[in-house]
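The values are calculated or read from the model by the stated rules, or taken from the named source; none is laboratory data. What you see is a predicted model; the values in this text were computed from it and never measured. Cβ: placed from backbone, ideal geometry, glycine included. Neighbour counts: every protein chain shown. With ligands, DNA and RNA removed, areas are computed over all heavy atoms of the protein, side chains included. Shrake-Rupley method; radii C 1.70, N 1.55, O 1.52, S 1.80 Å.
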Amino acid sequence: MQFVWGAAGRKSGGEESHHAGDLGHLDEKAAADALRFHRSFAAYEPTPLRALDHLAQEWGVGGIFVKDESYRFGLNAFKVLGAAYAIGCCLSQRLGIPIDEASFELLRSAEAKQKLGTITFVTATDGNHGRAVAWAAQQLGQKAVIYMPKGAAQERVEAIQQTGAEVIVTDGNYDEAVRLSSRMAEQHGWQVVQDTAWEGYTEIPRWIMQGYTVMAAEAIAQLQEKTGRTRPTHVFLQAGVGSMAAAVLGYLVNRFADDPPLAVIVEPAAADCMYRSALSPDGSPYAVSGDLHTIMAGLSCGEPNPFAWEILREHAAAFVRCPDYVAAQGMRLLAAPLGGDPRVVSGESGAVGIGVLAELIRDGRQAELRERLQLGADSVILCFSTEGDTDAGQYREIVWDGKHARPSQDR
Ligand SMILES: Cc1ncc(COP(=O)(O)O)c(C=O)c1O
């Protein structure tokens with residue numbers, strides 16, 4: 001496991017950061033609009049925030065909290081927060097209605113349908129985002145076409161097909177699937193709903209990020225209710241293209257401007273575009289290519305969302321890249337909790353944050369990062385388990401059979 005400091009980490013070590021970056025669209029108003037919209041779906045409920053008190057005691061920290069997104073809209077991952085909100089914004093824009101007046105009922109109404117006709121939403125996905133787009137399109141009476149990278153798990157393909165969407169498994173990696181879906185959209189007049197931005201395509205990814213802020217807003221409300229503390233001191237955020245991490249961190253920095261939590265951005269070593277971007281001398285995003293093979297399918301992305309990267313560059317404390325066994329260890333830790341701690345069913349991309357925390361606490365080689373982050377008795381740590389067992393076969397191989405164990409030289 002390796003790390004590199006971000007601007008907020010250098011600041012906590014006495015160095016100056018450069019400037020604040022644009023956080024305007026990830027504020028409390030945006031989160032409130034997105035929450036109001038999500039509440040209009042019958043399936044909406046806040047996901048649970050689990051307190052791992054025994055684990056916190058064992059590790060000598062003030063608290064460990066895990067937001068369990070496996071409960072989100074019955075879809076086993078957080079992604080629908082972005083997809084449903086972006087599709088909602090898109091439809092209300094076409095209808096000429098401000099999003100703070102739109103609702104599920106209104107967008108589903110016969111009158112709206114008559115004005116909108118049938119729209120095909122298209123995206124590329126490792127699974128979670130595509131399932132979310134397909135579900136949201138179906139719920140709102142529209143269509144979806146989903147492109148997946150080669151090697152996509154059959155279970156994830158089927159979960160998307162069950163929503164009535166068309167699924168195409170491509171020959172290339174995730175980033176190539178993104179380009180293909182956007183070319184197909186141009187050819188067929190479809191609407192791209194992608195969870196990353198590029199030049200000329202920024203509005204929908206911003207809506208997606210605004211949708212994700214709901215997860216952070218819920219977590220803070222739950223933390224305050226459970227503990228009386230206003231905010232966490234540390235937050236571990238896993239990154240694929242970085243939209244989720246930047247949305248949550250942007251919200252937290254906006255909300256706790258005077259003293260935001262220290263954020264550790266976590267990635268698989270095989271798809272470490274944020275880590276490498278953090279090393280880039282001029283601060284520009286760095287793209288990693290190739291197969292990007294990792295068990296953390298949701299994080300297997302080589303090209304940062306440039307807008308998300310700007311937020312992470314300015315506001316993250318550290319960027320960590322880790323081998324697959326760290327995620328597997330996180331899954332096992334959450335599946336077999338200490339004492340009376342609640343169990344969290346967490347998939348590969350969901351559990352890597354707690355896996356990295358475990359490394360920081362338990363591995364003497366990580367002392368520098370642990371000390372600089374000041375992880376100790378006063379720390380209140382927040383992790384987001386962004387998916388459940390979205391590949392149930394692999395989940396059991398890891399949790400039951402011990403697949404992807406820590407190699408002996410690292411013990
Ligand atoms: C379960 C899970 N966690 C985290 C992420 C990372 O999100 P982002 O690509 O916005 O960094 C993804 C992305 O697909 C995911 O599926």
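The listed peptides 352-362, 105-115, 22-32, 392-402, ordered by packing as a protection proxy, come out as 352-362, 22-32, 392-402, 105-115 (highest mean of other Cβ atoms within 10 Å first).
Pairs from the list K67/K150; K226/K403; K79/K226 with a Cα-Cα gap above 28 Å: K67/K150; K226/K403.
Gyration tensor over the Cα atoms of the stretch 80-194: the corresponding equivalent ellipsoid has semi-axes (square roots of 5 times the eigenvalues, largest first) of 25, 14, 11 Å. Restricting attention to the chain, close to 25% of DSSP beta bridges with both partner residues there are antiparallel.
Distance from the Cα centroid of the stretch 312-353 to that of the stretch 123-149 is 26 Å (rounded to whole angstrom). For S109 and S289, the difference between the fully extended length at 0.36 nm per residue and the C-alpha to C-alpha distance is 60.4 nm. Rolling a 1.4 angstrom probe over the protein heavy atoms with all chains in place gives the chain an accessible area of 39 Å² per residue. Rounded to the nearest whole angstrom, the semi-axes of the ellipsoid equivalent to the chain, taken from the Cα gyration tensor as √(5λ), stand at 32, 23, 21, largest first.
Bridging of K113 to lysines at a Cα separation below 22 Å is possible for K143, once same-chain residues fewer than 8 apart are set aside. Element breakdown for the stretch 272-411 at a 1.4 angstrom probe: carbon and sulfur atoms account for 47% of the accessible area. Here the gap between A42 and Q2, fully extended at 0.36 nm per residue and compared with their Cα-Cα distance, gives a gain of 10.1 nm. Projecting label points 7 angstrom from Cα along Cα→Cβ for H25 and E203 puts them 1.0 nm apart.
Contact order for the chain, expressed relative to its length and based on alpha carbon pairs under 8 Å spaced 6+ residues apart, stands at 23 percent.
Give a quick list of chymotrypsin sites (Phe, Trp or Tyr not before Pro) in the stretch 253-358 that DSSP marks as loop, anything other than H, G, I, E or B, with at most 16 other Cβ atoms within 10 Å. Taking the stretch 253-358 and a limit of 16 other Cβ atoms within 10 Å, the loop chymotrypsin sites (Phe, Trp or Tyr not before Pro) found are F256.
Gain in length, H188 to F256, computed as 0.36 nm per residue apart minus the alpha-carbon separation, to one decimal in nm?
Contour length minus the Cα-Cα distance gives 20.0 nm.
Modelled this way, with points 7 Å down the Cα-to-C-beta line, the labels at S408 and S280 are 4.2 nm from one another.
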